[in-house]
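Report on one structure; see the data block that follows.
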Amino acid sequence: MADDPSDRLFERARAVIPGGIPGIRAPGNFVPGAYPLWLAGGRRGHVTDLAGRDYVDLLLGYGPVVLGHGEPAVDTAAARRAAEGFCLNLPGPLMVQLAERLVSLVPSAEQALFFKTGSDATSAAVRLARAHTGRRRVLRCGYHGWHDWCLADDPGVPPAVSADVTPFRYNDADQLAALLDEPGAPAAAIILTPVGHDFDRQIEPPAPDFLPRVRALADAAGAVLVFDEIRTGFRLELGGAQARYGVTPDLTALGKAMANGYPITALVGCRTVMAAAQQTFISSTYFPNAMEMAAALATLDLLAGERVLERIRRRGERLAEGLAGLVRDAGLPVTLSPYPEMPFVHFDPALAADQPARRDRFYAALAAAGVFAHPRHHGFLCWRHDDADVDRVLTAAAGAAATLG
Ligand SMILES: Cc1ncc(COP(=O)(O)O)c(C=O)c1O
C-alpha cells in the first residue's frame, strides 16, 4: 500500500540501501506481505512493529537475546561503562575478567581473544589453525559467517580462497575420514558446528559416536579441531555443546548468547594453538571496547545465577509437548526440533508436495496471530518468555495448523 508508513520507509530505504533491507532480514526471507518489514522495539520476550503490533519473539535477533529484550541488569552495566568511557586506547580490567570467566565456564578454554562478530571469531580460528600448523587446507561443516574463506562460489569470492576449503556433511565421519586421507594436502583445521543447524533444515543432534570420532580423526591428522559454538554456546549449556556431549575441541568460537545482543564474540582454546595469535596479525579498533564486555559479564552473571538455561529448557519442553500434540492431531507433515531451547516447525520438502506454500500459509498465520517465528530458520526461547507466551504460541500454532486443512 503506497500510503502505508512501512512501505513508504521501504521505498526510501531502497533508494539509499541496496535492496532496501539487505541480507537475511530481507522481506523475501520471511513471507512477503505477512511479516512486518521493520521493528520498532523489543521488551522481554516480545517485539513491536511500526504500527505498534506486538509479537511473541521466537527469533530473538537470530539468537543473541537469551535473557530478553531490554534486560535491565545488562543494559545498566553497559550504560554505566559507556558513561565512564568504553572506546579507549588500551584495554581495561574487564577484558581480563571476561577471559577468566570464559576459561572457568567453557571446557576447551585456557585462553580467550575478543572480537565483534561470529565471522570474526571463526575466521580467527582458521587463521590461528593455519599459523599453528603451517598448513592451508580447511575442512568445514555448517554455517560460519560471511567471510571469503567459508563461501564457495559467491560473486566476489576469489576461487583461490575457497580452493583450500572443503565442506563435509554433518554426522558423516566416514566422509571426513576419506577427505583427511586424500594425499597431498594435510588439513590445518576441521571446523564444524557441534550440533547440525543448517538453514532450512531441521536441527540435527550429533550421533553418539560422531563428535568423538571427529576428535580422534583431528588428532590422527594433526589438524586443529574447532567447534563453531556461535549459536550453541551459552544456549545448550553454559559450557556449550562441548559440555553437553563431552568432547573438547582445540578452539571454540563463541558469541550470540554471550552478551544478550551486544556485539561481542570470542575465540577460546588451548594455549598451544592460541599462541599463534602472537605470530599473525589480528586486530580491530573495536575489539577491546569495554561496554560490550560489561554487558557480557552481566549476561553471564544472570545465566549462571538464575539458572536461566534450565528455565528456558523447561519452558521449551512445554512448548515442544504442545506442538507435538497439535502436529499429531492435525497430521501435519512437519518435523519438530529435538532441542526444546531452539524450537522449530520445519516443513521438510521431502515429507509432502507443495511444502513451500503450506509453510508460508502456516507462518503467515502465526505472524497474523502475533508470533514472530522464522519459516526456514529454527527459533529460540529467552528467559523472559513466560507461560502466557507459550500459551499464545500454542494457540497461534493451532490456528495456523487449521488453515492447512
Ligand atoms: C554457527 C554460526 N557461526 C558463525 C556465524 C556468523 O556470525 P555473525 O553473523 O555474527 O558474523 C553465525 C551466525 O548466524 C552462526 O550461526
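By how many nm would the segment from Asp164 to Ala40 grow when fully extended, if each residue of separation counts as 0.36 nm and the alpha-carbon distance is taken off? Working it through step by step, the gained length comes to 40.4 nm.
Across the range 88-288, Cα-Cα pairs farther apart than 21 Å form 48% of the total. A Förster distance of 45 Å, applied to the separation of the beta-carbon atoms of Ala216 and Leu351, puts the FRET efficiency at 0.80.
Separation of the range 356-405 from the range 95-155 is 34 Å, based on Cα centroids. For the peptides 11-17, 27-33, 236-242, residues were scored by their other Cβ atoms within 10 Å and the scores averaged per peptide; the highest-first order is 236-242, 27-33, 11-17. Projecting label points 7 angstrom from Cα along Cα→Cβ for Arg376 and Ala177 puts them 3.5 nm apart. Label zone of Leu88 (point 7 Å out along Cα→Cβ, amide N under 18 Å): in the range 282-302 this covers 284-298. The relative contact order of the range 88-288, computed from alpha carbon pairs under 8 Å that lie at least 6 residues apart in sequence, is 31 percent. Each Lys or Arg adds one and each Asp or Glu subtracts one; over the other residues with Cβ under 12 Å from the Cβ of Arg215, this totals -2. Normalised by 2.2 N^0.38 Å, where N is the number of residues, the C-alpha radius of gyration of the range 1-82 stands at 1.26.
Note on Phe10 and Arg80: their simple-model spin labels are 4.3 nm apart, each label 7 Å out from Cα toward Cβ.
Per-residue extension of 0.36 nm, minus the Cα-Cα distance of Phe199 and Thr395, leaves a gain of 68.0 nm for this segment. Sequence-distant contacts, meaning Cα pairs under 8 Å at least 6 residues apart, place the relative contact order of the range 310-405 at 32 percent. At a threshold of 8 angstrom on Cα-Cα distance, excluding pairs fewer than six apart, so keeping six or more, what relative contact order does the chain reach in percent? Answer for the chain is 23 percent. Of all DSSP bridge pairs formed entirely within the range 88-288, close to 35 percent run antiparallel. Between Ile17 and Val103, the simple label model (points 7 Å from Cα in the Cβ direction) yields a spacing of 4.1 nm.
Since every read-out is calculated from the coordinates, none of them should be taken as a lab result. Worth saying up front: this structure is predicted, and the values here are computed from it rather than measured. Cβ: placed from backbone, ideal geometry, glycine included. Neighbour counts: every protein chain shown.
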